[in-house]
Amino acid sequence: MQTRIFPATGQPVSEIGLGTWQLGGTEWGDVSDEQALATLSAAAEAGVSFFDTADIYGGGRSEQLIGRFLERTGRREQFFLATKLGRRPDPGWPENFTRAAVIRHTEDSLRRLGVECLDLTQTHCLPEAQLADGVVWETLRELQRAGKVRAFGASVETVAEGLNCLQIPGLSSLQIIFNVFRQKPLEQLLRLAAAQGVAIIVRLPLASGLLSGKLSPSTQFAPTDHRTFNRDGEKFNVGETFAGLELSRGLELVEDLRPFVPAGWAMSQWALRWCLDWPEVTTVIPGAKRPGQARENALASDLPAIASTDHERLRTWYRERVAENIRGKY
């Protein structure tokens, strides 16, 4: 596993991290405690040191499971822990954005994770009005001064939100949806973030599994999987499901990509390698529900870069075949 430096703190982090939305058990189908802990362990054994979670995942379950894993291993210093806040139902919007709520939610995350300080806390896709309001950001700076968080950043839905967040003093990171289907950040966001020393954390690099190359029109998802209940943005931003593509169109586009995947590579590894080939990216956080998935994803870090000619062809393909099919805020 190769590492890159998280700019604000100087800490090395694994190029391939682990997103743990799925460990909450409420938007990706069921996952048992034992399976979740085994997946965390497999990721760590494969060199993953960056864990991303949120207080809303399973109502805190994802954070609790990471806390249990850390307690078992006794190796807190080995891992970079990133969480998010702002979407909890208690007290809910707009009260979540008050100083009192931000502090309480941060302290709750610290307790569930079993740590004294978060390496990174992030606002969790907040409304644009709250991104522009100074209360949340000043409270995060207060928590930073108090030693509760080392750095703070923003998880955003759109490039425009990311560009606006780059104006926030002290911002350390942007978490964005970025993959071979969602190339808009290449136009300016990645370059500007890097120039300001802001880390780029890539979520949904596999487009909810589309870029595994293993889905088909007959694939069935659990009723509690967002790929069942949010295909058209019924519950939250459609971009969080299949990168905003309608499933049948996404499956057609996957077929375009198969000739680009080298022999012996899984398509998922190729898709992760595509993200890593942009040096502005700090870490990529695919999810995994099973130990084997975590191990396979981690191997992408040691694969060679994709040929520049292929990158150029994929940029043209995105503009001509993909961009107009992306639905929702982007």
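Coordinate-derived values only; no laboratory data. Because the structure is predicted, anything quoted here is derived from the model rather than measured. When we count neighbours, we look across all protein chains shown, and the Cβ atoms used for this are built from the backbone with ideal geometry, even at glycine.
Out of all the residues in region 215-266, which are among the acidic types (Asp, Glu) and more than 27 Å from residue 155 (Cβ to Cβ)? Break it down into steps so the answer makes sense when it comes.
Initial filter on region 215-266 (among the acidic types (Asp, Glu)): 225, 232, 234, 240, 246, 252, 255-256.
Listed by number, the residues that qualify are 252, 255, 256.
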Review point. What residue, among those in region 108-137 that are touching a Ser or Thr at 6+ places or on another chain (Cβ under 8 Å) and β-branched (Val, Ile, Thr), is surrounded by the fewest Cβ atoms within 10 Å (Cβ to Cβ)?
Key: 135
Practice item. Would you be able to say whether some residue in region 243-253 is surrounded by 13 or more Cβ atoms within 10 Å (Cβ to Cβ) and in a loop (DSSP other than H, G, I, E, B)? Key: yes
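Has region 221-241 got any residue that is closer than 18 Å to residue 17 by Cβ, touching a Ser or Thr at 6+ places or on another chain (Cβ under 6 Å) and surrounded by fewer than 24 Cβ atoms within 10 Å (Cβ to Cβ)? Steps first, answer last, please.
Narrowing region 221-241 to residues closer than 18 Å to residue 17 by Cβ: 240.
Of the ones still in play, those that are also touching a Ser or Thr at 6+ places or on another chain (Cβ under 6 Å) are none.
No, that holds for no residue.
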Check your understanding: Looking at residue 46, is it more than 14 Å from residue 289 (Cα to Cα) and either aromatic (Phe, Trp, Tyr) or in contact with a His (Cβ under 8 Å, 6 or more places away or on another chain) (or both)?
Key -> no
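If I go through region 140-165 residue by residue, how many of them are under 15 Å from residue 188 (Cα atoms), of a type in the set (A, V, I, L, M) and part of a loop (DSSP other than H, G, I, E, B)?
Within region 140-165, the first condition is being under 15 Å from residue 188 (Cα atoms), and the residues that meet it are 158-165.
When the remaining residues are screened for being of a type in the set (A, V, I, L, M), the result is 159-160, 163.
With part of a loop (DSSP other than H, G, I, E, B) added as a condition, the list becomes none.
Selection size over region 140-165: 0.
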Check your understanding: Somewhere in region 16-36, is a residue without any contact (Cβ under 8 Å) to a residue 40 or more places away in the chain, under 30 Å from residue 304 (Cα atoms) and not aliphatic (A, V, I, L, M)?
Key -> no
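Would you check which residues across region 305-328 are of a type in the set (Gly, Ala, Ser) and surrounded by fewer than 16 Cβ atoms within 10 Å (Cβ to Cβ) and list them? Walk me through how you get there before you give the answer.
Start the filter on region 305-328 by keeping residues that are of a type in the set (Gly, Ala, Ser), which leaves 305, 307-308, 323, 328.
Within region 305-328, 305, 307, 308, 323 qualify.
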Practice item. Among the candidates 206, 166, 189, single out the residue that is more than 21 Å from residue 87 (Cα to Cα), over 15 Å from the mean Cα position of the chain (by Cα), buried (at least 19 other Cβ atoms within 10 Å of the Cβ) and among the aliphatic types (A, V, I, L, M). Key: 189
Check your understanding: Taking only pairs six or more apart or across chains, which ones have beta-carbon atoms under 6 Å, a first residue in region 140-156 that is crowded, with 18+ Cβ neighbours inside 10 Å, and a second residue that is small (Gly, Ala, Ser) and assigned to a strand (DSSP E or B)?
Key -> 153/173
